[in-house]
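Below: the structure, in structure tokens.
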Amino acid sequence: MASIPSRLHLGFFPTAFHELPQLSTQLNGPQLFIKRDDLTGLALGGNKTRKLEFLLADAQEKGCDVIVTAGAAQSNHCRQTAAAAAKLGLTCHLMLGGAAPDRVNGNLLLDELFGAHIIWCGDNRKGENIPSHIEALQQQGKKPYLVPYGGSNHIGAISFYTAFEELSQQVDLKNFTRIIFASSSGATHAGLILGAKQFAPHVEVMGIKIDKESAAEQPFSDVVYTLAEQTNREMALGLSVSRKDVILNNRFTGSGYGVVGELEKSAIQLLAQSEGILLDPVYTARAFGGMIEMIRQGEIATGEKVIFWHTGGAPALFSYAEAIRSS
Ligand SMILES: *Cc1c(COP(=O)(O)O)cnc(C)c1O
């Protein structure tokens, strides 16, 4: 028997699912659909809402009073964590990469509005400073709860197993061929792999890698595999996961994390002007642009039915205004 941990209600689920008819016609390609996790309803939405429903339930069960997490200055994860903590009456400490900017906008502005306490960490945008900060809080008598970078551990990942279940109850997945999404810290990817195994094993789950891989890090496909396997084990899902299940497309990492190029710009314009839907500059524009490129190259066949899983992030558009508008 699977043992799914307890869950809070922070967003509005199921999120919408619909077709992209204008875009499909325009591309003369496969039939395209979209799962709208940009509309989770918490603080302008995004995929981290799902993870936080499980992570913060765990924090409450453990009696924690300070939520600590990390990310980039324009982190969608940090913005949603700050909002969720505010709603639950918890203090939120955000360890952000870089230094305090002159102009505060986008997600960072929202972090402030939600009352988060911001600690600038220079080059350490992935939570390298968290352990020492947690220790300092404990010495002050606080009970900190660590939400890992991107909310990506097995507790975060289970939320995308349940998200897949949600999708399978919303639409008959019989004739669908793949789900494509932005993959960065791993829990969305790991959870969707497990969900597909359980609820629609014929559907290919393809993550488009967002970050450039550095030689010093564990290969990202290993990270996803390990997380999927750990989640499978911890939650007693009883599935059999193999490395072959991790389908990761790393051809679109461009000039690195958060660098907006032609691919991202044209993806943002294409979806905005065909369907009136916004992508974010860092994650979904890269993944959507990659999908469009695969369609144009014929790697995704015309007869397919493809779902783009929109993971949110539009608040960052405003802080990237110059990069998006420049031609
Ligand atoms: C965090 C994030 C992702 C990546 O999800 P992971 O679970 O970290 O891989 C994708 N899109 C947006 C908008 C995000 O904020």
Across region 289-314, the tally of residues that are within 14 Å of the ligand (Cβ to nearest atom), open to solvent by less than 10 Å² (accessible area, probe 1.4 Å) and out of contact with any strand residue (DSSP E or B) (no Cβ under 6 Å at 6 or more places or on another chain) stands at 3
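From the list ALA200, ALA216, ALA136, exactly one residue is at pLDDT below 95 and surrounded by fewer than 24 Cβ atoms within 10 Å (Cβ to Cβ). Which is it?
ALA216
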Residues in region 1-39 that are under 17 Å from GLN169 (Cβ atoms) and under 14 Å from the mean Cα position of the chain (by Cα): how many? 3
Candidate set from region 123-152 (those that are of a type in the set (Gly, Ala, Ser) and closer than 18 Å to ASP211 by Cβ); member that is nearest to the ligand (Cβ to nearest atom): GLY150
Could you please give the count of residues in region 10-68 that are within 16 Å of the ligand (Cβ to nearest atom), farther than 19 Å from CYS78 by Cβ and open to solvent by less than 40 Å² (accessible area, probe 1.4 Å)? 4
Residues to consider are GLY191, GLY207, GLY258; find the one that is open to solvent by less than 40 Å² (accessible area, probe 1.4 Å), within 13 Å of the ligand (Cβ to nearest atom) and in contact with a strand residue (DSSP E or B) (Cβ under 7 Å, 6 or more places away or on another chain). GLY207
ARG251 fails exactly one of the following numbered conditions: (1) away from the ligand (no atom under 16 Å from the Cβ); (2) more than 27 Å from THR226 (Cβ to Cβ); (3) surrounded by fewer than 20 Cβ atoms within 10 Å (Cβ to Cβ). What is the number of that condition? (2)
Got at least one residue in region 153-165 being surrounded by 14 or more Cβ atoms within 10 Å (Cβ to Cβ), more than 13 Å from the ligand (Cβ to nearest atom), under 19 Å from GLY195 (Cα atoms) and touching a residue at least 40 places away in the same chain (Cβ under 8 Å)? yes
For region 269-288, which positions are within 13 Å of the ligand (Cβ to nearest atom) and touching a helix residue (DSSP H, G or I) at 6+ places or on another chain (Cβ under 8 Å)? LEU278, LEU279, ASP280, PRO281, VAL282, TYR283, THR284, ALA285, ARG286, PHE288
Considering only residues that are in contact (Cβ under 8 Å) with a residue 40 or more places away in the chain and not hydroxyl-bearing (Ser, Thr, Tyr), look in region 139-152 and name the one that is surrounded by the fewest Cβ atoms within 10 Å (Cβ to Cβ). LYS143
ALA57 vs. criteria in a helix (DSSP H, G or I) and among the aliphatic types (A, V, I, L, M): yes
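The values are calculated or read from the model by the stated rules, or taken from the named source; none is laboratory data. Source: prediction; values computed, not measured. Don't worry about glycine lacking a Cβ; one is built from the backbone with ideal geometry, like all the others, and counts go over all protein chains shown. Remember, those area values only see protein heavy atoms, side chains included, never the ligands or the DNA or RNA. Shrake-Rupley method; radii C 1.70, N 1.55, O 1.52, S 1.80 Å.
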